[in-house]
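Q: One structure, as structure tokens, below. Some questions next.
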Amino acid sequence: MNNTTYFFILALSMLMLNSGCGTPARRIDPSSNQGLITVDDINFKDWQIAAEKGINSLLASSVLDRPNGRKTIIMISTIKNSTMQHINTRILTDKIRQAILHSGKALTTTALSGNGADDTASREVRKLEDDDLFNQETVQDHETAIAPDMSLSGEIVQQKTVSGRNSESYFVFHMALTDLKTGLALWEENIEIVKQEKKPVLGW
Amino acid sequence: MKNLLLITALTSLICFTGCQSTVNTVENKNKTMKVEEVDTSRISTDSFLRRRLQFTRVNKVEKADGLLMVQVSAKNTRSGFFDQLSTWFMGDYPYQIEYRFSWFNKDGMEVQTATNTWIPKSIIPGDTVHFKAVAPNPSCKDFQLSIKENVNARSR
């Protein structure tokens, strides 16, 4: 075996050893851009960007202010998933709900949502009126829950385009705030996120 | 033969960099807007960012509902021939950055927000961009804009 062959085998072995090594699991900062990026999916950074831009737009619009000074009550309605992925839209609505509460401009109700009650406790505790285990004076009265003034709804749409080795996903996060008295949309916003990749000639 | 190769290579390079486009802007001279400008003496950038982005104005306005709204304007100054050449070489076209706003109350304490993430933005040479944000609640009186290069989004 001559020196060239020996060197070639050694280099190949080192390459195989190196490529066989993985990276141990690690925690990353959720606010950083160190997360995985995939074209077909909505990654955690995409949710954060959509929420941040949506909240900024909502607070800039001043629609949450009521002339009588009372805080607006908002229910979270449904966010329709029109993407090709199985996603939990709660990631988005929870961030917006928190931002609304932090703003001090409005309150959100958990007694009602687009998919039934977010928290069934408000209804359940009123069933205790016939339960002699509980002091009836501490049981919540009927007709005390506050009905919402507005609802937050939306839709997430994905359009995928493939051209040769290039692929692209266009995500639109549509959000709307509806005045439940009139049925009119007081605020609407579209947050667009486009992701693109070019696959290598060899490999995956 | 060697000279011919050199000329061809140089011509190709010039043609290639000539394909890059910069943004040209036109605006009205006599402005009607009345803005409250913020003293920009506290801008701190590294030399790399300073050579690419020039901060032109910082505006703020307190809305009727008490929320502070700020806008920071910056211009990508890499629009000359050699700048474009190095921009192409460095993969800076368009220049990819990320920004994040932090908010502080009257005591200087940072106010936690529901989302506080780096937002990506691309800036074409010659273009002016505006970073806008609304304070998460009325207790926010001061702000800080952080900008960094988005290395993951560079074209090379």
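The values are calculated or read from the model by the stated rules, or taken from the named source; none is laboratory data. Please read all numbers here as calculations on a predicted model, not as lab measurements. Counting neighbours? That spans all protein chains shown, and the Cβs are built from the backbone with ideal geometry, glycine included.
Q: Looking only at region A:33-52, filter to residues that are in contact (Cβ under 8 Å) with a residue 60 or more places away in the chain and in contact with a Phe, Trp or Tyr (Cβ under 8 Å, 6 or more places away or on another chain); which one of those is farthest from the other protein chains (Cβ to nearest Cβ)?
A: Restricting to residues being in contact (Cβ under 8 Å) with a residue 60 or more places away in the chain and in contact with a Phe, Trp or Tyr (Cβ under 8 Å, 6 or more places away or on another chain), the top hit is A:ILE42.
Q: Same structure again: Is there a residue in region A:164-178 that is hydroxyl-bearing (Ser, Thr, Tyr), within 30 Å of B:CYS140 (Cα to Cα) and surrounded by 11 or more Cβ atoms within 10 Å (Cβ to Cβ)?
A: Yes; the residues of region A:164-178 include at least one that is hydroxyl-bearing (Ser, Thr, Tyr), within 30 Å of B:CYS140 (Cα to Cα) and surrounded by 11 or more Cβ atoms within 10 Å (Cβ to Cβ).
Q: Oh, and also: With the requirement that a residue be over 14 Å from the mean Cα position of the chain (by Cα), within 16 Å of A:THR109 (Cα to Cα) and of a type outside the set (S, T, N, Q), what does region A:43-96 give you?
A: A:LEU64, A:ARG70, A:LYS71, A:ILE73, A:ILE74, A:MET75 - these are the residues of region A:43-96 that are over 14 Å from the mean Cα position of the chain (by Cα), within 16 Å of A:THR109 (Cα to Cα) and of a type outside the set (S, T, N, Q).
Q: Among the candidates A:ILE74, A:ILE146, which residue alone is out of contact with any Pro (no Cβ under 8 Å at 6 or more places or on another chain) and β-branched (Val, Ile, Thr)?
A: Within the list A:ILE74, A:ILE146, the selection yields A:ILE146.
Q: Looking only at residues that are at pLDDT 85 or above and either assigned to a helix (DSSP H, G or I) or under 13 Å from the mean Cα position of the chain (by Cα) (or both) in region B:83-102, which one is farthest from B:THR113 (Cα to Cα)?
A: Among residues in region B:83-102 that are at pLDDT 85 or above and either assigned to a helix (DSSP H, G or I) or under 13 Å from the mean Cα position of the chain (by Cα) (or both), the one farthest from B:THR113 (Cα to Cα) is B:GLN96.
Q: For A:ILE55, indicate whether it is touching a residue at least 60 places away in the same chain (Cβ under 8 Å), within 27 Å of A:ALA185 (Cβ to Cβ) and touching a helix residue (DSSP H, G or I) at 6+ places or on another chain (Cβ under 9 Å).
A: Judged against the criteria, A:ILE55 is not a match.
Q: Quick one: A:ILE146 ticks every box in (1) among the hydrophobic types (A, V, I, L, M, F, W, C); (2) part of a helix (DSSP H, G or I); (3) more than 14 Å from chain B (Cβ to nearest Cβ) except a single one, so which number is it?
A: Condition not satisfied by A:ILE146: (2).
Q: Of all residues being in contact (Cβ under 8 Å) with a residue 40 or more places away in the chain and not hydrophobic (A, V, I, L, M, F, W, C) in region A:179-204, which is farthest from A:ASN43 (Cα to Cα)? Just the residue, please.
A: In this case the residue turns out to be A:GLU189.
Q: Among A:GLU168, A:GLU192, A:GLU155, A:GLU188, which is the only one that is within 14 Å of chain B (Cβ to nearest Cβ), part of a strand (DSSP E or B) and out of contact with any helix residue (DSSP H, G or I) (no Cβ under 8 Å at 6 or more places or on another chain)?
A: Just a single option satisfies the conditions, and that option is A:GLU192.
Q: So, one more: Scanning region B:98-142 for residues that are free of Cβ contacts under 8 Å to residues at least 12 places away in the same chain and either within 11 Å of chain A (Cβ to nearest Cβ) or closer than 17 Å to A:PRO30 by Cβ (or both), which turns out surrounded by the fewest Cβ atoms within 10 Å (Cβ to Cβ)?
A: Among them, the one singled out is B:GLN112.
Q: Applying the selection to region A:49-76, what residues are of a type in the set (Val, Ile, Thr) and part of a loop (DSSP other than H, G, I, E, B)?
A: Filtering region A:49-76 for residues of a type in the set (Val, Ile, Thr) gives A:49, A:55, A:63, A:72-74, A:76.
Matches in region A:49-76: A:VAL63 only.
Q: Still on this structure: I'd like to know if region A:74-86 contains one or more residues that are under 30 Å from B:ILE147 (Cβ atoms) and surrounded by fewer than 16 Cβ atoms within 10 Å (Cβ to Cβ).
A: Checking region A:74-86: not a single residue is under 30 Å from B:ILE147 (Cβ atoms) and surrounded by fewer than 16 Cβ atoms within 10 Å (Cβ to Cβ).
Q: Let me ask something else. Go through region A:161-178 and report how many residues are of a type in the set (Ser, Thr, Tyr) and either closer than 22 Å to A:LYS71 by Cβ or free of Cβ contacts under 8 Å to residues at least 24 places away in the same chain (or both). Working first, answer last.
A: Initial filter on region A:161-178 (of a type in the set (Ser, Thr, Tyr)): A:161, A:163, A:167, A:169-170, A:178.
Adding the requirement that they be either closer than 22 Å to A:LYS71 by Cβ or free of Cβ contacts under 8 Å to residues at least 24 places away in the same chain (or both) leaves A:161, A:163, A:178.
Going through region A:161-178 one residue at a time, the tally reaches 3.
Q: Looking only at region A:7-39, count how many residues are modelled with pLDDT of 75 or more, in a loop (DSSP other than H, G, I, E, B) and not aliphatic (A, V, I, L, M).
A: 13
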